[in-house]
Amino acid sequence: MAHLLGPALTVSSPVDLSAYDSRATTGFDGKKADAKAQLFAMGEELSTLQEMLFAGGRSETTATRVLVVLQGMDTSGKGGIIRHVAGLVDPQGLSITSFKKPTPEELEHDFLWRVESRLPEPGMIGVFDRSHYEDVLIGRVRQLAPAEEIERRYAAINDFERSFTESGGVLIKCFLHITADDQEERLLARLDDPTKHWKYNPGDLDERMLWDDYQRAYALVLDRCSTEHAPWHLVPSGRKWYRNWAVAALLLEQLRALELEWPPADFDADTEKARLAGM
């Protein structure tokens, strides 16, 4: 991590996803074992920085909060990142939301309504397994809303994310890029292993049939919603070990950039020691 990984993975222009190598290891020169060792080594610093952030929130000395948005096709590794990366920090400072099909109540409101209530509080790291982007991805591909409404949502998302960052939020948006071949290999692995059958959903094949449509929808999201205040990071995810390392590195870079400090005590430590000794 001699050089910042974020700029290397940031989307800054329209993309053709078919031109991206899902098995690339951008910013990493080692092998699988090296990545796992580095991930473990990053864990200690990530844990310390997360505790400092959490302490600031509990003491109400900071408005800073961090949100990691994970988007990608089925089997791209959203759950793996939560397990291997988010699992490196204290769960009490972590909020994880997995967005499913909207409920009838949620459908009665604007598409951002259910997202706003799940944003992390100051001092917290939030993780979205899927997110508000579903409403311009599956919403577009499956034509779940009129075309003019889908079009409106891109600007609404950008405004929503700007408001979040201006209020003290830090956004780390990761598109986990895999190919159709990567997905086929992972789906077959699930079908071959009875202990993984619970992870398999026959509906995944219905979505797979629309692969090209989803790739176009994702490319449009990356083009329309990668902004200065909330850039998209295209994370090659054909190699699970690199994917985990990369997302951990992106999170660590952002936490370091916050230049966090422990909140000052609102009491005199020596006085409290004397009181304790006299009990």
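Table for the structure above
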quantity	calculated
Heavy-atom accessible area per residue - segment 9-111, 1.4 Å, Å²	54 Å²
Principal axis dimensions, segment 125-219 - Cα atoms, whole angstrom, descending	47, 34, 20
Cα coordinate range in segment 3-73, projected on the principal axes (Å, largest first)	47, 32, 26
Cα-based convex hull volume of segment 150-279 per residue, rounded to whole Å³	224 Å³
Whole-number Å³ per residue for the convex hull built on Cα positions in the chain	175 Å³
Potential lengthening between Phe267 and Arg58 on full extension [0.36 nm per residue; Cα-Cα distance subtracted]	73.7 nm
Sulfur and carbon atoms: percent of accessible area, segment 167-279 [1.4 Å]	52 percent
Trypsin sites (Lys or Arg not before Pro) within segment 1-108: DSSP coil, no more than 16 neighbouring Cβ in 10 Å	Arg23, Lys31, Lys100
Cβ-based net charge around Ala19, under 15 Å, with every Lys or Arg adding one and every Asp or Glu removing one	-2
Kirkwood hydrodynamic radius of segment 1-155, Cα pairs, Å	18.2 Å
Value of Rg/Rh across segment 119-176 [Cα atoms, Kirkwood radius]	1.02
Area of Tyr20 that stays accessible when all protein chains are in place (1.4 Å probe, Å², to 10)	100 Å²
In nm, spacing of pseudo-spin labels at Arg216 and Tyr20 (7 Å Cα→C-beta vector)	1.8 nm
Potential lengthening between Asp90 and Asp159 on full extension [0.36 nm per residue; Cα-Cα distance subtracted]	21.7 nm
Cα extents of segment 68-149 along the three principal axes, largest first (Å)	42, 28, 19
Around Lys199: net Lys/Arg minus Asp/Glu count, Cβ-Cβ under 11 Å	0
In sequence order, calculated HN-Hα J values of segment 238-251 (Karplus, 6.51, -1.76, 1.60; Hz; x Gly/Pro)	x, 10, 4, 5, 6, 3, 5, 4, 5, 5, 4, 5, 5, 5
Cα→Cβ-extended label distance, 7 Å offset, between Trp113 and Glu149, nm	1.2 nm
Qualifying GluC sites (Glu not before Pro) for segment 1-80 [loop in DSSP, other Cβ within 10 Å: at most 11]	Glu60
C-alpha long axis of helix 147-166 to longest principal axis of the chain, angle in °	20 degrees
Whole-angstrom gap from segment 123-187 to segment 1-64, using each part's C-alpha centre	19 Å
Cross-link table Lys36/Lys101; Lys32/Lys173; Lys100/Lys173; Lys32/Lys100; Lys32/Lys196; Lys78/Lys196, entries beyond 26 Å C-alpha to C-alpha	Lys36/Lys101; Lys32/Lys100
Net charge contributed by nearby residues that have their C-beta within less than 13 Å of Leu234 (K/R +1, D/E -1)	-1
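The values are calculated or read from the model by the stated rules, or taken from the named source; none is laboratory data. Because the structure is predicted, anything quoted here is derived from the model rather than measured. Quick reminder, even Gly has a Cβ in these numbers, built from the backbone with ideal geometry, and neighbours come from all protein chains shown. When the accessible area is computed, the model is the full protein with side chains, heavy atoms only, and any ligands, DNA or RNA have been set aside. Shrake-Rupley method; radii C 1.70, N 1.55, O 1.52, S 1.80 Å.
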